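The values are calculated or read from the model by the stated rules, or taken from the named source; none is laboratory data. Every value quoted in this text rests on a predicted model; they were computed, and no experiment measured them. Note that each Cβ is placed from the backbone with ideal geometry, even for glycine, and that neighbours are counted across all protein chains shown.
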């Protein structure tokens, strides 16, 4: 058995534990706690990264190593971890981000010196990394759920880190509640599967909840589905699908279960936001992929249709709400919803192709989804780290108070720009590559069936185009208002560049964005084992031409694209302006002058375009959705055209808040109020309840 | 699927030289149609040379983005142009990018154009950027639907391959699917190149301009690159439109005769589409900004109908 990745993996997991313990030990000495906890975390993450790369580059068919982490005396509870291709791919994501974010945190946590306990931050951060890694490696449902819960709890603690603020506390509680609704669904889903495997194996031994048995159950369910036998099992399977969709969907932040996401991500410390947006919500994607492709067998068509529709809706609504934000971190949080939607478009299309029996196309769509998963992790973490640096320098999240930062924070601006171009799916960076793969799979999907359902593919494609264009608009706004023009506040005018470690963390992710964009062939090769495991195909050879320099697609004569080629060509074409400059402009001089101010007395930052103004046309076009409210109060002396004071307020409220969650909230509170009568505090009443319950149970037993 | 540096060079030169002429033609004919004499056809060349020779004034509020943007706008338009077959069926660089890459490249140019508009801190630039990105956002889905229709019919997103399929005798130019997709793309073309129902290229009226507003602070060679980039983009989109839907006469091999015919037919097609744009510009008034989404919505519906009709007619 090939157990090469294991020593590294053990080092990595132990490292997180040591980091957490050390951070608590050195709690009183904040500098030491900072350096120790985040230093150890970055080394552990590096070990995890190497383990994942080692495993994935071995290619398909590498033995799946498996060990018990801890001896356990509790029956049914085994801390077994295994490294299978899907897990290894997500291990790659968590470790890469863990590395970059830990390095960044070395500098970022200094901002908390004297204010907050850095040791606690470091300890929880290490625990979160440990739990998330364990989620991706767990080999049975119990261990998975335990790791899942630890992850949710540590994330809750980190979200509430700055708990003095009311906003933070509320967001933390919301996250806690939503997260547990999700976990509840997951427990029910796993119980349904457990029932199935128990029946299949004949006994409910610990073996019955291992992931291998679930996989075997999936094959049984596929057979039942194809032969139209065992409708009871198939009904349970459908219910399990819905439970998992909700359970993992809450974590991933699909619309309409996303409400915790824009609340919790902005209030957490920025390094934690980066990790949450980059990795934590991806555990939902991991779970869905694991369950849908590994456990539940050949899917019926409506699963794929559901996932694709949810993905499309999440993508469009996520970006539309993002456009309305002028809180930089909330804006990024809404973009996470958008990108989760794009990932689900790939996964949903893949399920539809698996159903219609097109394994190659299914692999293409799956690759598109997974490629976008790592891409989003990289560029979203990069953007959050950039936002953190900006927040650190200006002490505000409100974009309307920023501006002019490109001159004061040169490197941060450059890194943020790279992230912005990548997330807007523009060539030559990574976002374009994964969206290109998504487009290709959607386009080819049109030919896979003859039913009307196929019209969904191009419509989803068009919505993806809308999403991309709106994302570009949103990031022109986010970058332009934050980093360009004149500073709009004192803080922004005195902003300073982030520290070296903060820049290094961003630099690593920037390099990853460029690498994943220009050289897609590497990642495609690493995805071979994953698609082999999940859809039985390896298509990296089909997807790359000319030694991997050109990305092609699975159809003969289909489109090809080469980001490296285009980038080099663009560099070569710079010769054209150079020649023209030599011909005509060598004597032209350049001077600096004021921006034209229409003959007024100089341009002030107040005259600049604002973020709210920038998104106004889009707010107007989609006003049926946004239902913007605005209040204008003016005071004037003699004519309304000469206002002395003006107060302007504009709100956009999410339709889900007003239409779903608020009525639901009211309903729950109302019912609780009624139920309170039951709990009146009188012993006699309680005795009666116990008696009635007992009688009912006895009747039931008879 | 060959990689020929000579082809790349020739097409680059063609793009660079033809684009200002096309803009000049449209301007001149528009003037003629409005009973004005109009500037000479080659006026844009003189403008560009003059811009190149002029000194530059760069706003003191602007950062490096402002000086970087013109190069991105110019180069992306040029690279996009190399992905499109002009005279011959085989585009010089079809291997490096398909129609999705073309849309992406133009979007990259627009991204930096909008940033360049915001950078000097003038309200005009911000307004232009905001409107440009909004219109692009509404135009993009319509454009993609129309492109998807053609790509699905041809079974590929590779532009040269689409053209090859379109040249085959089984392809019907006047099939309702293609007519609707063409109409949708034509509307998008008007929006993307800033033509009259959407934006007025001749305007300097502050509150109606979009593209001009973003260029307001540019001068000298930066302005030249911006203007040139915009006219190359216009040429590229027009070429895409005429060659995908009417691939008649395009050279399939590299013999001088075939290329000669190809060039002549290509010139003819460009004249026709430019004339169509001139007629639309002269007979229509500029729409209010918030009426533009209706127009582009119509393009989206046309694109969707085109797709649905593929479903019906196959």
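Observations
- The requirement of being within 30 Å of residue B:61 (Cβ to Cβ) and outside any loop (DSSP other than H, G, I, E, B) is fulfilled somewhere in the stretch A:428-436, by at least one residue.
- Residue list for the stretch A:437-460, restricted to those being closer than 30 Å to residue B:118 by Cβ and either facing chain B (nearest Cβ under 7 Å) or surrounded by fewer than 24 Cβ atoms within 10 Å (Cβ to Cβ) (or both): A:439
- Test set (1) within 14 Å of chain B (Cβ to nearest Cβ); (2) over 29 Å from residue A:278 (Cβ atoms) - residue A:492 fails condition number: (2)
- Which numbered condition residue A:612 fails, given (1) facing chain B (nearest Cβ under 7 Å); (2) in contact with a strand residue (DSSP E or B) (Cβ under 7 Å, 6 or more places away or on another chain): (1)
- Of all residues in the stretch A:49-84, those being buried (at least 18 other Cβ atoms within 10 Å of the Cβ) and closer than 15 Å to residue A:206 by Cα number 4.
This table checks each residue for (1) in a helix (DSSP H, G or I); (2) assigned by TED's automatic domain parsing to the domain that holds residue A:23; (3) out of contact with any helix residue (DSSP H, G or I) (no Cβ under 7 Å at 6 or more places or on another chain); (4) modelled with pLDDT under 95.
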position	(1), (2), (3), (4)
A:90	yes, yes, no, no
A:93	yes, yes, no, no
A:97	yes, yes, no, no
A:100	yes, yes, no, no
A:104	yes, yes, no, no
A:111	yes, yes, no, yes
A:114	no, yes, yes, yes
A:120	yes, yes, yes, yes
A:129	yes, yes, no, no
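- Within the stretch A:201-212, the set of residues being part of a helix (DSSP H, G or I) and either more than 16 Å from residue A:189 (Cα to Cα) or modelled with pLDDT of 90 or more (or both) comprises A:201, A:206, A:207, A:211, A:212.
- Each residue in the stretch A:377-403 was checked for being surrounded by fewer than 24 Cβ atoms within 10 Å (Cβ to Cβ) and at the interface with another protein chain (Cβ under 10 Å from one of its Cβ atoms), and 0 of them qualify.
- As a summary of the residue check, residue A:554 satisfies the conditions (1) surrounded by 17 or more Cβ atoms within 10 Å (Cβ to Cβ); (2) within 14 Å of another protein chain (Cβ to nearest Cβ); (3) farther than 22 Å from residue A:427 by Cβ except for the one numbered (3).
- Checking each residue in the stretch A:577-593 for being within 7 Å of another protein chain (Cβ to nearest Cβ) and outside any loop (DSSP other than H, G, I, E, B) picks out A:577, A:580, A:581, A:584, A:585, A:590, A:591, A:592, A:593.
- Only residues that are in contact with a helix residue (DSSP H, G or I) (Cβ under 6 Å, 6 or more places away or on another chain) and part of a helix (DSSP H, G or I) were counted across the stretch A:19-39, and they come to 11.
- Here residue A:475 qualifies as within 14 Å of another protein chain (Cβ to nearest Cβ) and modelled with pLDDT of 95 or more.
- Taken together, B:302, B:308 contain a single residue that is in a helix (DSSP H, G or I), surrounded by fewer than 22 Cβ atoms within 10 Å (Cβ to Cβ) and either within 14 Å of chain A (Cβ to nearest Cβ) or at pLDDT 90 or above (or both), which is B:308.
- Out of A:319, A:307, A:250, A:267, sole residue that is closer than 17 Å to residue A:190 by Cβ and buried (at least 24 other Cβ atoms within 10 Å of the Cβ): A:250
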